[in-house]
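See structure below.
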Amino acid sequence: KTRRILKAEEWLVYVTPESGKGKTEADVITFTEEGKVSSKNLFAQGYGDSNFRLTVQDDGIAVWETMKVDKDKNLAFVRGELRGSEMTGSIFMKSASGVGTTYYYGTTQPAVPAPEEPAVKKGKKGK
């Protein structure tokens, strides 16, 4: 049943760097009839479709995981949790040289922080 839910739609997610630096990017995650998962952003970076493992926990949360490899042996570990119609997860990118970067994603668009008010400088009182 969970595989049917995953395949029923393209999942629009919002990906944010763990560091908080950089902008949030939209991505689309798709699950195929053949039991594979793809990400438009990762595909554009050279990572093809990959098989995924799906487990349903006792609380009903469905967890899926996959590992993708590009032609240069860079890795992408992708994990997602499906709670009802909400999907959240993480993407851990590890370069062939060993440098790792983590991103988080979710189907709910993150709130845009309010612009900060410029600090008002207090002038020195004259004598």
_Filtered residues of the range 1-12 (kept if in a strand (DSSP E or B) and either under 16 Å from residue 92 (Cβ atoms) or open to solvent by 40 Å² or more (accessible area, probe 1.4 Å) (or both))_ = 12
_Residue ID - most open to solvent (accessible area, probe 1.4 Å), chosen from residues in the range 13-38 that are under 10 Å from the mean Cα position of the chain (by Cα) and hydrophobic (A, V, I, L, M, F, W, C)_ = 26
*If we only count strands (runs of 3 or more DSSP E) wholly inside the range 18-61, which ones have 1 or more residues that are out of contact with any Gly (no Cβ under 7 Å at 6 or more places or on another chain), under 24 Å from residue 109 (Cα atoms) and among the β-branched types (Val, Ile, Thr)?*
25-31, 36-39
*Please find, within the range 39-76, the residue that is surrounded by the most Cβ atoms within 10 Å (Cβ to Cβ) out of those that are closer than 20 Å to residue 15 by Cβ and without any contact (Cβ under 8 Å) to a residue 12 or more places away in the chain.*
43
*Tell me, yes or no, whether the range 83-99 has at least one residue that is in contact with a Lys or Arg (Cβ under 8 Å, 6 or more places away or on another chain), open to solvent by less than 80 Å² (accessible area, probe 1.4 Å) and not in a strand (DSSP E or B).*
yes
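The values are calculated or read from the model by the stated rules, or taken from the named source; none is laboratory data. Note that this is a predicted model, so its numbers are computed, not measured. So basically every Cβ, Gly included, is an ideal-geometry build from the backbone, and we count neighbours across all protein chains shown. Keep in mind that these areas ignore ligands, DNA and RNA; they rest on the heavy atoms of the full protein, side chains included. Shrake-Rupley method; radii C 1.70, N 1.55, O 1.52, S 1.80 Å.
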